[in-house]
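Encoded as C-alpha cells, the structure appears first; notes follow it.
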Amino acid sequence: GGDGGGGGGGGGHKSKKQHRQARKEAAARSPCGVDVLRLWVATSDWTSDVALGDAVLERAREVYRRLRNACRFCLGNLSDFDPEADALPVERMRLADRHMLHLLAEHSSLVRESYSTRQLHRVVGSTLALATERLSAEYFDSTKDRLYCGDAGGDSRRAVQTVLHAALDALLLSIGPITPFLAEEVHEHRGAQRPPPPVGRVVA
C-alpha cells in the first residue's frame with residue numbers, strides 16, 4: 001500500500017505519456033489506421049449488408065485526409081493566437097466572419113442531435129461538408145490575404161483567427177469520438193492547456 005504516496009505523481013504522468021505513445025504506435029501499425037477504420041464503421045449502413053474492400057477503405061482514407069487538412073490549416077494559423085487576449089468580439093467582425101460563426105453554430109446543433117440519435121453517418125457527412133465546402137473551399141480561400149498580408153495584430157487578422165479557433169473547436173468536438181487519435185494529435189499540437197469546451201460553447 002506504500003506505493004500510492006504523493007511522490008508518484010511524476011511517474012504517473014510518465015506512464016500516461018508512455019501509454020498514449022503505445023496507442024499511437026499501435027494505430028500506426030494498422031494498414032488503414034484505427035481512425036480510418038472507425039470512419040468506415042461510422043459511415044456504414046448497418047441496416048443492410050456492409051461493404052468492405054479497398055475502394056471503401058480508400059473513401060474513408062480520403063475523408064480522414066480532408067478532415068486532417070482542415071485541422072492543419074487552422075492550427076497553422078493559430079500559433080500566435082491567444083484566445084483569452086486576442087479573440088475579437090462579434091460586433092467587430094466582418095459579415096463573412098459572422099456568417100461563418102453562424103454556420104459553425106448550425107453545424108454544432110446538427111452534430112448534437114445526430115449523436116443523440118446515434119446517426120454517426122450524419123456526424124461524418126456534416127463535418128466533412130463543413131471542412132471541405134464551408135471552410136477549405138470558401139472561408140480559408142477567401143481569408144488568406146487577411147491572414148498573410150495584413151497587420152499581424154490587426155482586427156482583420158484577429159477576426160479570422162477567432163473564427164479559425166472556433167472552427168477547430170467545432171471540428172474536434174464533432175469528430176473526436178469517431179477519430180480520437182486525430183483529435184488527440186491536433187489538441188497536443190494546439191498547445192492548449194485546457195480541454196476543448198462542450199459543443200454548446202463552441203459558438204455563443
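Condition check ((1) more than 15 Å from LEU164 (Cβ to Cβ); (2) at pLDDT 95 or above; (3) touching a strand residue (DSSP E or B) at 6+ places or on another chain (Cβ under 8 Å)) across all residues:
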position: ASP80; (1), (2), (3): no, no, no
position: ALA85; (1), (2), (3): yes, no, no
position: LEU101; (1), (2), (3): no, yes, no
position: LEU104; (1), (2), (3): no, yes, no
position: SER114; (1), (2), (3): yes, no, no
position: GLN119; (1), (2), (3): yes, no, no
position: VAL123; (1), (2), (3): yes, no, no
position: TYR139; (1), (2), (3): no, yes, no
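Restricted to segment 37-56, and to residues there that are surrounded by fewer than 11 Cβ atoms within 10 Å (Cβ to Cβ) and in a helix (DSSP H, G or I), the residue that is modelled with the highest pLDDT is ALA55.
When GLY150 is tested against (1) touching a helix residue (DSSP H, G or I) at 6+ places or on another chain (Cβ under 7 Å); (2) modelled with pLDDT of 95 or more, just one condition goes unmet, and that condition is (2).
When we screen ARG23, ARG66, ARG59 for residues that are open to solvent by 80 Å² or more (accessible area, probe 1.4 Å), at pLDDT 85 or above, in a helix (DSSP H, G or I) and closer than 28 Å to GLY125 by Cβ, the only hit is ARG66. Looking only at segment 110-148, residues that are more than 19 Å from ALA183 (Cβ to Cβ), open to solvent by 40 Å² or more (accessible area, probe 1.4 Å) and part of a helix (DSSP H, G or I) come to 11 in all. Here LEU168 fits the description: touching a residue at least 12 places away in the same chain (Cβ under 8 Å) and under 19 Å from LEU104 (Cβ atoms). So in segment 69-109, with the set limited to residues that are outside any helix (DSSP H, G or I) and open to solvent by 60 Å² or more (accessible area, probe 1.4 Å), which one is nearest to ASP155 (Cα to Cα)? Going through the qualifying residues, I end up with ARG94.
The values are calculated or read from the model by the stated rules, or taken from the named source; none is laboratory data. As the structure is a computational prediction, the values presented were derived from the model and not from experiment. Here the Cβ is made from the backbone with ideal geometry for all residues, glycine too, and neighbour counts use every protein chain on show. Just so you know, the surface numbers come from the protein's heavy atoms only, side chains and all, with ligands and any DNA or RNA stripped out. Shrake-Rupley method; radii C 1.70, N 1.55, O 1.52, S 1.80 Å.
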